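Undergrad: For reference, the structure I am asking about is given below.
The values are calculated or read from the model by the stated rules, or taken from the named source; none is laboratory data. Source: prediction; values computed, not measured. Here the Cβ positions follow ideal geometry from the backbone for every residue, glycine too, while neighbour counts run over all protein chains shown. We work out accessible area using only protein heavy atoms, side chains counted, and drop any ligands, DNA or RNA first. Shrake-Rupley method; radii C 1.70, N 1.55, O 1.52, S 1.80 Å.
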Amino acid sequence: MRILFIGDVVGSVGRKALKYCLPILKDKYKPTVIIVNGENAAGGKGITPAIVKEMLAQGVHGITLGNHTWDNKEVFDIIDDEPRLIRPANFPEGTPGLGYTVIKAGSAEVALINLQGRTFLPPLDCPFRKVDDILDELNKKYKYIFVDMHAEATSEKIAMGWYLDGRVSAVVGTHTHVQTHDEQVLPRGTAYVTDVGMVGSREGVLGMERAAVLKRFLTGLPSRFIADEGKWMLHGVCIDLNPQSGRAQNISLVRMYENDVIFD
Ligand code: FE2
């Protein structure tokens, strides 16, 4: 079982890069399952039904979200109808959509959980206690369990990795858009990386146009952030899972740049 997880897709440049890279990545890695974080896919903020359909048609099996889940109102037209699209599970009780799901690829079933951190982000239910509740259910039924921990603080993501080591197949961090070089299989068999990285312009600031970001830093005045249109990069991770135990055997970083170079 091989899972390819691709980090936060930002705006039209991110979508263009995903469309270009997916056939190359499928050919190179031959993943069983492909998962994408899509919370910045619509102009840098949120996702739309058209983008969800486009990603699924390109061979993506599951899409996770995060703190920008509700930024594009069109998401409400799909969030309750498309079980392959999930939002953080620790959103308040009664929130539309699913916080975890089971995605199917051929005969394989992977339980996919989306969580959001609470440090330097809006207050939510506790992601640690929430995932305990979810795993009470999922551990009985599923061998492969994959967690996207969408969080700002590296400490909260690392803590979640240790908390879930041996209880899930993988914990990958998203949200900060900068790929970290701490990919590892933890002692009890959970693949872990603090941040997968992003897909979008590498000439902006975390995928957004740098002029507006600089203006806010330099003046403190509000400025509207828009997705940058520069040359793209694509970041992800490739994770191999043992088909008997469901535990991780290997995790490697995936990086592609607009000049077509793949770094392993
Ligand atoms: Fe985010």
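Undergrad: Where the second residue is of a type outside the set (Lys, Arg) and open to solvent by 10 Å² or more (accessible area, probe 1.4 Å) and the first is closer than 15 Å to Gln179 by Cα and in contact (Cβ under 8 Å) with a residue 60 or more places away in the chain and lies in region 144-157, which pairs have Cβ atoms under 7 Å and are six or more apart or on separate chains?
TA: His150/Asn67; His150/His175
Undergrad: Still on this structure, please answer the following. How many residues, within region 20-48, are among the acidic types (Asp, Glu) and more than 16 Å from the ligand (Cβ to nearest atom)? Lay out the reasoning, then the answer.
TA: Let us first name the residues in region 20-48 that are among the acidic types (Asp, Glu), namely 27, 39.
When the remaining residues are screened for being more than 16 Å from the ligand (Cβ to nearest atom), the result is 27.
The qualifying residues number 1.
Undergrad: Further question on the same structure: Among the listed residues Val36, Val13, identify the single one that is buried (at least 18 other Cβ atoms within 10 Å of the Cβ), touching an Asp or Glu at 6+ places or on another chain (Cβ under 7 Å) and within 22 Å of Phe225 (Cβ to Cβ). Break it down stepwise before answering.
TA: Values: Val36 fails: touching an Asp or Glu at 6+ places or on another chain (Cβ under 7 Å).
Every option except Val13 fails the conditions.
Undergrad: Within the set of pairs 6 or more residues apart or between chains, which connect a residue that is of a type in the set (Asp, Glu) and at pLDDT 95 or above inside region 169-198 to a residue that is open to solvent by 10 Å² or more (accessible area, probe 1.4 Å) and within 16 Å of the ligand (Cβ to nearest atom) with Cβ atoms less than 7 Å apart?
TA: Going by the 7 Å Cβ cut-off, the qualifying pairs are Asp195/Thr176; Asp195/Val178; Asp195/Gln179; Asp195/Thr180.
Undergrad: Same structure, new question: Consider region 218-228. How many of its residues are out of contact with any Ser or Thr (no Cβ under 6 Å at 6 or more places or on another chain), under 24 Å from Ala42 (Cα atoms) and either in a loop (DSSP other than H, G, I, E, B) or open to solvent by 60 Å² or more (accessible area, probe 1.4 Å) (or both)?
TA: The initial filter retains those residues of region 218-228 that are out of contact with any Ser or Thr (no Cβ under 6 Å at 6 or more places or on another chain), namely 218-227.
Still in the list and also under 24 Å from Ala42 (Cα atoms): 222-227.
Imposing the further condition that a residue be either in a loop (DSSP other than H, G, I, E, B) or open to solvent by 60 Å² or more (accessible area, probe 1.4 Å) (or both) reduces the set to 222-226.
Qualifying residue count for the region: 5.
Undergrad: Report, by residue number, each residue of region 76-94 that is surrounded by fewer than 17 Cβ atoms within 10 Å (Cβ to Cβ) and either among the aliphatic types (A, V, I, L, M) or farther than 11 Å from His61 by Cα (or both).
TA: We begin by selecting, within region 76-94, every residue surrounded by fewer than 17 Cβ atoms within 10 Å (Cβ to Cβ); these are 76-77, 80-81, 83, 92-94.
Result: Phe76, Asp77, Asp80, Asp81, Pro92, Glu93, Gly94.
Undergrad: Okay, next question. I need the full set of residues from region 184-209 which are buried (at least 16 other Cβ atoms within 10 Å of the Cβ) and either more than 21 Å from Leu18 (Cβ to Cβ) or in contact with a Pro (Cβ under 8 Å, 6 or more places away or on another chain) (or both), in order please.
TA: Hits for region 184-209 are Val185, Leu186, Gly189, Thr190, Ala191, Tyr192, Thr194.
Undergrad: Return the total of residues in region 103-124 being closer than 20 Å to Gly66 by Cβ, surrounded by fewer than 19 Cβ atoms within 10 Å (Cβ to Cβ) and more than 16 Å from the ligand (Cβ to nearest atom). Give the steps one after another, and end with the answer.
TA: In the first step, residues of region 103-124 are kept if they are closer than 20 Å to Gly66 by Cβ; the result is 103, 110-124.
Filter once more, keeping what is surrounded by fewer than 19 Cβ atoms within 10 Å (Cβ to Cβ): 118-124.
Restricting the remaining residues to those that are more than 16 Å from the ligand (Cβ to nearest atom) gives none.
The number of residues fulfilling the criteria is 0.
Undergrad: For region 229-264, name all the residues that are of a type in the set (Gly, Ala, Ser), part of a loop (DSSP other than H, G, I, E, B) and either modelled with pLDDT of 95 or more or in contact with a His (Cβ under 6 Å, 6 or more places away or on another chain) (or both). Spell out how you get there, then give the answer.
TA: First, pick out the residues of region 229-264 that are of a type in the set (Gly, Ala, Ser): 230, 236, 245-246, 248, 252.
Retained after the next criterion (residues that are part of a loop (DSSP other than H, G, I, E, B)): 230, 245-246.
The answer is Ser245, Gly246.
Undergrad: How many residues are open to solvent by 10 Å² or more (accessible area, probe 1.4 Å) and either at pLDDT below 95 or of a type outside the set (Ser, Thr, Tyr) (or both) if we restrict to region 45-75? Spell out how you get there, then give the answer.
TA: Narrowing region 45-75 to residues open to solvent by 10 Å² or more (accessible area, probe 1.4 Å): 45, 48-51, 53-54, 56-59, 61, 67-68, 70-74.
Imposing the further condition that a residue be either at pLDDT below 95 or of a type outside the set (Ser, Thr, Tyr) (or both) reduces the set to 45, 49-51, 53-54, 56-59, 61, 67-68, 70-74.
Within region 45-75, residues that are open to solvent by 10 Å² or more (accessible area, probe 1.4 Å) and either at pLDDT below 95 or of a type outside the set (Ser, Thr, Tyr) (or both) number 18.
Undergrad: Please verify whether Glu156 is open to solvent by 10 Å² or more (accessible area, probe 1.4 Å) and within 15 Å of the ligand (Cβ to nearest atom), treating the condition exactly as stated. Before you say what the answer is, go through the steps one by one.
TA: Details: open to solvent by 10 Å² or more (accessible area, probe 1.4 Å): yes; within 15 Å of the ligand (Cβ to nearest atom): yes.
Considered against the rule, which asks whether it is open to solvent by 10 Å² or more (accessible area, probe 1.4 Å) and within 15 Å of the ligand (Cβ to nearest atom), Glu156 comes out as yes.
Undergrad: What are the pairs with Cβ atoms under 7 angstrom where one residue, in region 25-53, is free of Cβ contacts under 8 Å to residues at least 60 places away in the same chain and the other, located anywhere, is in a strand (DSSP E or B) and open to solvent by 10 Å² or more (accessible area, probe 1.4 Å)? Sequence gap at least six, or different chains.
TA: Qualifying pairs under 7 Å: Lys30/Arg2.
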